[in-house]
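The values are calculated or read from the model by the stated rules, or taken from the named source; none is laboratory data. All values reported here derive from a predicted model rather than from experimental measurement. Virtual Cβ from ideal backbone geometry, glycine too; neighbours counted across all protein chains shown.
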Amino acid sequence: MIKSEKEIVSEFFKIVRSGKEIERASEFMAETVVAHQVQAENEYSVTRSPQDYADHVQEMLDEYGDFSLEIQEILADGAKVYVRWRQVGRNNSGKEIIEIASAVYLVENRKIVEYWIQIDRKGQELQKE
């Protein structure tokens with residue numbers, strides 16, 4: 001059965017972005033993915049491979065432990081899928097750190113090829129104080 005773009009992104013979150021099976025990133029991501037880091041103070045883009053993305057999630061696991069990840073909203077419009085999520089982990093001192101973020105993923109040929117992500121970085125910064 002062919003999965004919809006929304007199902008692909010949802011599974012990507014449950015399997016890879018959650019930190020549960022990061023080694024499966026290549027099942028959901030193209031060989032190169034353009035990641036637009038949308039920050040009010042400095043918007044920029046990077047290109048990531050599935051391994052780069054797996055390494056990125058591993059960094060989150062190293063910093064926040066086995067975090068929980070809840071999709072709060074997911075909407076699809078053709079090949080684009082919007083996801084808003086809440087991630088809760090703990091820093092090295094045991095303090096709870098909450099990340100609220102959203103992204104729009106572009107899916108082509110059943111793989112994520114590009115995304116635009118916004119994260120509440122100020123909120124994270126204030127929690128680390």
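Going by the structure shown, is S26 at pLDDT 95 or above, more than 13 Å from the chain's Cα centre (by Cα) and not basic (K, R)?
On the way: at pLDDT 95 or above: yes; more than 13 Å from the chain's Cα centre (by Cα): yes; not basic (K, R): yes.
Judged against the criteria, S26 is a match.
Exactly one of (1) at pLDDT 90 or above; (2) touching a strand residue (DSSP E or B) at 6+ places or on another chain (Cβ under 6 Å); (3) farther than 20 Å from I8 by Cα is unmet by E59. Its number?
So E59 meets the others, but not (2).
Name the single residue, out of those in the range 69-102 being of a type in the set (S, T, N, Q) and part of a strand (DSSP E or B), that is farthest from A35 (Cα to Cα).
Step by step, filter the range 69-102, then rank; the result is Q72.
In the range 1-34, which residues are surrounded by fewer than 20 Cβ atoms within 10 Å (Cβ to Cβ) and either assigned to a strand (DSSP E or B) or in contact with an Asp or Glu (Cβ under 7 Å, 6 or more places away or on another chain) (or both)?
Hits for the range 1-34 are I15, A30, E31, T32, V34.
Give the residue, chosen from E70, E41, that is modelled with pLDDT under 95 and charged (D, E, K, R). So that I can check it myself, show each step before the final result.
Working: E70 fails: modelled with pLDDT under 95.
Sole residue among the options that is modelled with pLDDT under 95 and charged (D, E, K, R): E41.
Does V34 count as of a type in the set (V, I, T), closer than 28 Å to S93 by Cβ and touching a residue at least 24 places away in the same chain (Cβ under 8 Å)?
On the way: of a type in the set (V, I, T): yes; closer than 28 Å to S93 by Cβ: no; touching a residue at least 24 places away in the same chain (Cβ under 8 Å): yes.
Spelling it out, it is not the case that V34 is of a type in the set (V, I, T), closer than 28 Å to S93 by Cβ and touching a residue at least 24 places away in the same chain (Cβ under 8 Å).
Filter the range 35-59 down to the residues that are outside any helix (DSSP H, G or I) and small (G, A, S), then identify the one that is nearest to I71 (Cα to Cα).
Restricting to residues being outside any helix (DSSP H, G or I) and small (G, A, S), the top hit is A35.
Looking at (1) free of Cβ contacts under 8 Å to residues at least 40 places away in the same chain; (2) surrounded by 11 or more Cβ atoms within 10 Å (Cβ to Cβ), find the lone condition where V57 falls short.
In the conditions (1) free of Cβ contacts under 8 Å to residues at least 40 places away in the same chain; (2) surrounded by 11 or more Cβ atoms within 10 Å (Cβ to Cβ), V57 misses (1) alone.
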